[in-house]
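What follows is a short report on a single structure.
The values are calculated or read from the model by the stated rules, or taken from the named source; none is laboratory data. The structure displayed is predicted, hence computed values, not measured ones. Please note: Cβ atoms are built from the backbone with ideal geometry, for glycine as well, and neighbour counts cover all protein chains shown.
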Amino acid sequence: MNKAPDADRLGDVMVVGGGISGIQAALDLATAGFKVYLVETSPTIGGKMAQLDKTFPTNDCSMCIESPKFIECDRHPNIEILTYTDVERVEGREGDFRITLLRKPRYVLADRCSGCTTCVSYCPVHVPDPFNQELSRNKAVHIYFAQAVPLVPYIDENCLYLKEGKCRICEAVCQKQAIDFDQTPERVEVRVGAVVLAPGYAPFDPGPRSDYGYGRYPNVVTSLDFERLLCATGPHEGEILRPSDGRHPHRIAWIHCVGSRQVTPGGHGYCSSVCCTYIQKQVILAKDHDGEAECTIFHNDIRSYGKDFERFYQRAEKLPGVRFVRSYVTVGRELPDSRNVTIRYAADDGVREEEFDLVVLGVGLAPPKDAPRLARLFGIELDEHGFCRTDPTNPMRTTRPGVLVSGAFQGPMDIPESVVTASGAGSLCGELLGRRRGWLARERVYPPERDVSAEEPRVGVYVCHCGANIGRVVDVPATVHYTLGLPDVVHAEESLFICSTEAAQKLATSIREKGLNRVVVAACTPRTHEPLFRDTLREAGINQYFFDMANIREHCSWVHSREKEAATRKAQDIIRMSVARARHLEPLQEFRLPVDQRALVVGGGLSGMTAALSIARQGHEVWLVEKEPELGGMARRLHRTLEGLDVQAYLRDVVGRVYAEPRLHVLVGAEILEASGYVGSFTTRVRAAGRVTEIRHGATVIAIGAGEYRPTEYLYGTDERVVTQLELEERLAAGDPRLDGVRSVVMIQCVGCRQEDRNYCARICCSHALKNALALRRRAPAPDVYVLFRDLRSYGFREDFYREAADRHVRFVRWEPDGRPSVEPATEEGRPVLRVTVPDPVLRRRLALDADLLVLSAAVVPAATSQEVSRLFKVATGPDGFFQEAHVKLRPVDFAADGVFLCGTAHYPKHIAEAVSQAYGAAGRAVTLLSQDTVVASGSVCRVEERDCVACGACIRACTYGAIEFHDTPRGRKARVNAVLCKGDGLCNTKCPTGAISLLHYTDEELLSQIDAAAAEPARAT
Amino acid sequence: MSGELEFRPKMLGIVCNWCCYGGADLCGVSRFQYPPFIRLVRVMCSGRVDLLHILRALSDGMDAVFVGGCHINDCHYVTEGNYDAIAMIEVCREILRRIGIRPERVRLEWVSAGEGIRFAAIMNEYAAQVQKLGPLGRADGEGLDAAELARRLEAATRLVPFARLALTGRLRPAVRTEEAYRRFFAGEEFRRLFDELLGDRLAISRVLLALREGPRTAADLARDLGWSASDVARHVRNSTRHGWIRFDAARGCYALAGG
C-alpha cells in the first residue's frame, strides 16, 4: 500500500476479486509480464480460503498455504493491490477498458500506520467480527485478520464518531497520527486491456428460511461458522465451543445439501460440489480435536468425485464414533434446558428424533451477492442459476469479449479448480494482449548483496508468537532472553506474527540496522514460509542462504501443548540447533538458466490441442506430439456432452485451428524415444513417419489422457447385448439399428472402480449415464431405462439433468458394495433377455430387471502409456496411476519437476469443459515460464573438492540424474557436478569415501553442528 | 507425579523434507501429541543421512536416532534415496550390534506428508521404547561405562569411509524393491559380507583404541572387548601383520607399534 499512486493508472489486466482465484490470476499474469490491478471489495485479499481452517483432502492449514501468496502479490512489482475498493463504472471495449473504481475510506492512513493496534485496544465499540463469522467480537477499528494484506486497520460503520460524531479516542491514542476521519471515498480511473472477474461465491444463507433453525437456535451453525470454530485463529483459538454456553459439544450432527439440490423456494437446484468433502474434513478435524466426539452425518448421495476424495471419505467413515446416515432430515426443536437441538430423520423403524449438542449446516455455494451488479457493470450475462454465463467450450469466457471469469463465479467449484481457471484466464489474457507483454512490467529490484565473507557471524534470532499458537505454550520472552546467550547471537526479538507483511518489512530493516549476516526465524515450518523469509533477506541486502528456520510450532508448541516447560526447553534447543547451523551457512548463488521459449505438448487430444493452441497464440513455437495417427484422443468417440455440445463439430473446429496455426507443429503416429534436460532446456527425441526429430523446448505439457476400463464382469465381451457407455454413445450417434427393438435398458454404475483395486471414483460416469439415459428416453418408442447406482454423482449444474432424467421416468435403483447386481441370460415370455437382479436397499427385496441392453459405466483408467511417460519425463504418478501434481490445492497443473505441466484426464478423469479449463491453466503456467529469458535454479547443489577426489566413481553411480561426470584435470581425473542437472538430494555425499563431494546448504559441517547442538546440555539463562 | 525419576531420553530425528518432515508438520497441524524428547534435523532426502551423523549423535550422548523418509516409490528424487537409507541403517545397526550397543537405538520409518497421525504414533511408541531401554550404554546387554562407550563409538566412526565404499559396492542389493532389501539385510549373506568388508576392520580399530590406553595382555583385551580368546588371537594377529601393533615380549603385552 505504500506504493505511490500511478499518475495515469495504466495497466494490462484488472482482476476483480482478491480470493485465491484472483490472487493466482494476478500472480500468473504479473509474472508473465503484465501489469495487473488486483481489486478487492473487502479490506484485505484472501477471500473465503482465508477463513477456512484446513483444506481437503490433505488437511493442509488453509491460511498457512495461502498467506505466502498474499506476500508474493504484495511484493510483486507488477501487481497493484487495491483493497476496500469497488468497481463503479466500466467503459470501453476489449483491449481498451476504462474502469472507474471507488476506494472506500479506511480512515487510517496506510503509509503512516505502523500496525501497532493501539487504536484497536482503546476503541470502545465492540462489534461482531466478520472474519470469525460474527462468532466473536472485535472493535469498530480493527485489522481484518492477522495476516491481512495490507496489514492496516480500517474503521467500520459501527464507529461512534462516524455514527454519532463523538469519541475519536483512536485519533488521540495514535502516536503516528495515522487516523484520518476526513477521508472520503476516492475515485480512481484505471485503463486496462482485459478483465478477469473472480468475485468467488457467497455461502448459502440459511437464515431467511425458518426450517433449519439458523439464527433462532444458537447451537445451529453453518459449515463456515464451524471452520472458524475449528481454527486456531478462530473465536476460541481452536477450541470447539458451542455458541449457547461455550461448552464442548459432544454429539455433533452435520446436515448435507443445505440450500443445494433443492427445488423448493429458498433453495438452489444445483449441487454445490464441495460440501460432501468439506463435511468429511470437518468430521475428521472434529475427531482430531476431541477423539470422544460422536459425529453423525446426515447425507444424500456422497459425491466423492475428485482426486483422492474417495479415500478421504473412507477415512472419515472409518473413524470410531462417526456415523453416516443416509436420510433427508428436518431440524426439530431446541430443548429448553440444554439448548440442544433435535433432528428428525427416517430410520429403519420409522421416523426418529435425536438430540444433538451442535448442528452444523453443510451450506452450499451461492452466486456472489453482487453478481447482478457486476453483470450490469461489465455487460455480461448470468446463467439461470445466477452465476456467470460461460462459453460451453471455454469456461473462462463470458459473453463479453475481453472479460474473462475464473473461480467459483463460473459455478460451484473447489480450490484447485479456482486456481486452474485463474491460470486459464491468465492464458486467455495473454492471447489477447500478447503484443503488449512486458511494456508496463518492471523487474523486481533487490539491493546489492553485502559481502560478509570477512565478517564474523552475526546472528539475529526472531521468535514468533504466531498469535497464541506458539506463545500460549512456549515462553517466548524467556526464549528470546535465552537466545541472546548463544554464541554469535547479536540480536534477538519477539514478534506477534513474523509472517505478516509489516513484520517482514521490519525484519528487513532490523537486519540492515543491526548489521546481521545470519538470520534465524523461530516460527513455523520452512516448507511453507522459507521462501518468504529468504526473499526478505534479499530485500535486506544479504545472501538468502544465510537463513534458517527453527520450527517451534508444528514440531513443538502444537505437539507438546500440555507440557509448557518442556516445550519451552525444546524450543530453545531447536533454536540453538538453528543458530549452530546458521553460523556455518555459506552464501550461495542461484544461477540463471536460459529458457528455450518453445514448448512440447505430449498428447493430441482436446486437452493437448487446447494447451498447444493457447501457448502458440501467445507467440511461442509448440510441438504437439500424438501417438495415434489422428488428433482428437478420446473426444473422437464422444458425440454430445450432457449439456448438448456437438463434440464432433467442436473437435473438427479445434483440429482445424491446430493445423492452421503457423507456430504449431504436429507430429502424429509419433513415439517418444528419449527425453532429457531440465527446466528451460529440454531435449526430446520423437520418431514419426520414419523420421527422428530432436525437439528442443523450455516447457513440457503432459496431456496423454486416459483410457476406458475394459470390463470383465457382467458378461461383457461374451454377450453382445452388454456394452459400455461409450459404445452406447457411438450406437446412439450412428443410429445403430440394433437399438431399434430395445424395450428395456439397464445401466450399471461404478464398473471397475470404487473398489479395492481401483479405489477412486471415475467422476464422469454418472453424467455419462444420465446423458445416454436421456437420449434413450427421447427416442420413439422410448425404452424403459434403469440406472443401478451407488451414489449418483451429478455434481454442480449436472444435477439439473439428474432431475430431468427422473422427470422423464428414468428409474434409479441404488445398490451397495455388498449387494452387487448380478446378470444372467434368461427368457421372458419367449423373449431372450438379460436378467439383472439387485438387492434394493430401500425396498429391501431383490429386484429383477429384464434388459435387452445392458450398459456398463466402465471406469476411466490411466492411459496405457502413463508409466512410460512418467519414466521418460521423470514425473510422478499417484496411487491410482494418474499423474501427480505438485500441490493438490495450489499447484494443480504443475508437476514437482520444474518446467513440466499437466492437464486433462492424465491428471484425473474429467469432463470436456474441465479438461479444457485445465488445458488453458497448464498453458498459462507454461507461458509464465516461457515468457522469461531465464529461470533461477537453486544454489543448493553438490560441489566437489577436487583435491580430495580419488575418482572412485561412487558418486557418479549414485546420481541417476547424471549430474556428475569425470573430467580431466592437471591432477588427474576428477568428478565434477553439472549444477544444472543436480537436484540437490545429496545422495552422493553419503557415498564419497573421502568426503570430497558435498551438498551445499546441507554439508556435513552444517548438519553435524546441528547434531552437536542438539545434544549439548544447554546453559540456561535464568 | 513420578516425573522426577522418569528417564527423559535425548533423541535425534533426521528426516527428509518432502515426506517425513511434512508428516511431522501435519502431526502438528492436527495437534497430535507426543513426548518432547526428540529434536529434528531436516535434510532433503533420507538418502542424505550418513552413518557419520548417527554415530556423532550417539557419541554426543544422545540415546537414540530416528530417521524418517518417504515411502518406497514416493521418493521425491529419481535417485530413490530411501533405498540407500535402508541399507545405511541396516549397516549402522549391525555395527552397533558388534560394539555392544542395542540396535533399537536407531530406527528408520517411512512417513508420508499426509501421515500426521502415523508420525505421532511412531514418536509415542519410539519414545516409550527408548525410555525403557534407558540411557545409552546402560540398557540390558550394554553395560558400558562412558570411556568404553566413547572408545567403541570412535572405532565405529573410523569405519565410516569403508562402510561408504561397501554400501556402494557389495552391500548394495541388486534388486530395488523393499522386499529384496529387507530380505538381503536379514540374510546370512549380508552377515558374511559384513564380516569380510567391515567386521575385521572394526575389530582391529577396537584393538588399536584399547591399546591407546596402554599395553594390554591378550587376557586384558578379551575382557575389555568382550571377545573370546580365539577372536582376540585372530584380530591381534591381523593387526600385527599390518604392523599396527607389536608384541612386547618382555612384558607379555601388546602395544601400539609407534608407542
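Are any of the residues in the range A:965-972 outside the structural domain of A:G899 (by TED's automatic domain parsing) and crowded, with 19+ Cβ neighbours inside 10 Å?
No, the range A:965-972 has no match at all.
Residues that are within 14 Å of another protein chain (Cβ to nearest Cβ) and part of a loop (DSSP other than H, G, I, E, B) occur in the range A:897-906; there is at least one. Somewhere in the range A:22-30, is a residue modelled with pLDDT of 95 or more, on the phi > 0 side of the Ramachandran plot and in contact with a helix residue (DSSP H, G or I) (Cβ under 8 Å, 6 or more places away or on another chain)? No, the range A:22-30 contains no residue that is modelled with pLDDT of 95 or more, on the phi > 0 side of the Ramachandran plot and in contact with a helix residue (DSSP H, G or I) (Cβ under 8 Å, 6 or more places away or on another chain).
Here's the yes/no breakdown for (1) assigned to a loop (DSSP other than H, G, I, E, B); (2) free of Cβ contacts under 8 Å to residues at least 60 places away in the same chain; (3) surrounded by fewer than 21 Cβ atoms within 10 Å (Cβ to Cβ):
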| position | (1), (2), (3) |
| --- | --- |
| A:A826 | no, yes, yes |
| A:P832 | no, yes, yes |
| A:R835 | no, yes, yes |
| A:L843 | yes, yes, yes |
| A:L856 | no, no, no |
| A:Q867 | no, yes, yes |
| A:G881 | yes, yes, yes |
| A:K889 | yes, no, no |
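Filtered by the rule that a residue be under 21 Å from A:R209 (Cβ atoms) and not charged (D, E, K, R), the range A:229-261 gives A:P243, A:S244, A:A253, A:W254, A:I255, A:H256, A:C257, A:V258, A:G259, A:S260.
The residues in the range B:177-221 that are β-branched (V, I, T), under 22 Å from B:L159 (Cα atoms) and surrounded by fewer than 13 Cβ atoms within 10 Å (Cβ to Cβ) can be counted, and the count is 0. Residue check: B:L108 meets all listed conditions (1) touching a strand residue (DSSP E or B) at 6+ places or on another chain (Cβ under 6 Å); (2) more than 9 Å from chain A (Cβ to nearest Cβ); (3) crowded, with 24+ Cβ neighbours inside 10 Å but one, namely (3).
Given the residues A:C761, A:C750, which is the only one that is assigned to a loop (DSSP other than H, G, I, E, B) and surrounded by 24 or more Cβ atoms within 10 Å (Cβ to Cβ)? Lay out the reasoning, then the answer.
Details: A:C750 fails: assigned to a loop (DSSP other than H, G, I, E, B).
Of the residues listed, the single one that is assigned to a loop (DSSP other than H, G, I, E, B) and surrounded by 24 or more Cβ atoms within 10 Å (Cβ to Cβ) is A:C761.
Of the listed requirements (1) within 11 Å of another protein chain (Cβ to nearest Cβ); (2) under 20 Å from A:I672 (Cβ atoms), A:L872 misses just one: (1). For A:G921, the conditions (1) within 14 Å of chain B (Cβ to nearest Cβ); (2) in a helix (DSSP H, G or I) all hold with the exception of (1).
For the range A:684-702, the set of residues classified as within 34 Å of the chain's Cα centre (by Cα), of a type in the set (A, V, I, L, M, F, W, C) and farther than 10 Å from A:V625 by Cβ consists of A:A699, A:V701, A:I702, listed by residue number. Residues in the range A:970-1022 that are away from every other protein chain (no Cβ under 11 Å) and at positive phi: A:G972 alone. Look at the range A:514-528: where a residue is more than 14 Å from every other protein chain (Cβ to nearest Cβ) and a partner is charged (D, E, K, R), sitting 6+ places away or on another chain with Cβ atoms under 7 Å, you get A:G515/A:R458; A:L516/A:R458; A:N517/A:E455; A:N517/A:R458; A:R518/A:R458; A:R518/A:R583. Look at A:G22 and say whether it is part of a helix (DSSP H, G or I) and under 23 Å from A:A375 (Cα atoms). So A:G22 fits the description; yes. The single condition among (1) in a strand (DSSP E or B); (2) crowded, with 16+ Cβ neighbours inside 10 Å that A:L102 does not meet is (2).
Please verify whether the range A:671-683 includes one or more residues that are exposed (fewer than 15 other Cβ atoms within 10 Å of the Cβ), within 35 Å of the chain's Cα centre (by Cα), modelled with pLDDT under 95 and among the hydroxyl-bearing types (S, T, Y). Within the range A:671-683 (the criterion being exposed (fewer than 15 other Cβ atoms within 10 Å of the Cβ), within 35 Å of the chain's Cα centre (by Cα), modelled with pLDDT under 95 and among the hydroxyl-bearing types (S, T, Y)), the answer is yes, since at least one residue qualifies.
Scanning the range A:105-134 for residues that are buried (at least 18 other Cβ atoms within 10 Å of the Cβ) and aliphatic (A, V, I, L, M) yields a total of 2.
The residue that is surrounded by the most Cβ atoms within 10 Å (Cβ to Cβ), counting only those in the range A:766-786 that are part of a helix (DSSP H, G or I) and charged (D, E, K, R), is A:K771. Touching a Phe, Trp or Tyr at 6+ places or on another chain (Cβ under 9 Å), free of Cβ contacts under 8 Å to residues at least 40 places away in the same chain and assigned to a helix (DSSP H, G or I): is that true of B:V236 in this structure? Yes: the conditions hold for B:V236.
State yes or no: is A:S767 in the same structural domain as A:D807 (by TED's automatic domain parsing), more than 21 Å from A:H911 (Cβ to Cβ) and of a type in the set (S, T, N, Q)? Taking the combined requirement at face value, the residue does not satisfy it.
For every residue, the table says whether it meets (1) in contact with a Pro (Cβ under 9 Å, 6 or more places away or on another chain); (2) away from every other protein chain (no Cβ under 13 Å); (3) part of a loop (DSSP other than H, G, I, E, B).
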site	(1), (2), (3)
A:H560	yes, no, yes
A:A567	yes, no, no
A:E586	no, yes, yes
A:L600	no, yes, no
A:M609	no, yes, no
A:A612	no, yes, no
A:L624	no, yes, no
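Against the conditions (1) surrounded by fewer than 21 Cβ atoms within 10 Å (Cβ to Cβ); (2) of a type outside the set (S, T, N, Q); (3) within 14 Å of another protein chain (Cβ to nearest Cβ), A:F591 satisfies every one except (3). Considering the range A:551-577, the residues that are in contact (Cβ under 8 Å) with a residue 60 or more places away in the chain and small (G, A, S) include one that is farthest from A:G485 (Cα to Cα), namely A:S561.
Sort out for me the strands (runs of 3 or more DSSP E) sitting completely within the range A:332-430 that have 1 or more residues that are more than 30 Å from A:A649 (Cα to Cα) and not assigned by TED's automatic domain parsing to the domain that holds A:L27.
The strands (runs of 3 or more DSSP E) meeting that bar are A:341-347, A:350-356, A:358-363.
I need a count of the residues in the range B:7-63 that are of a type outside the set (A, V, I, L, M, F, W, C), part of a helix (DSSP H, G or I) and more than 7 Å from chain A (Cβ to nearest Cβ). Residues that pass the stated criteria total 3.
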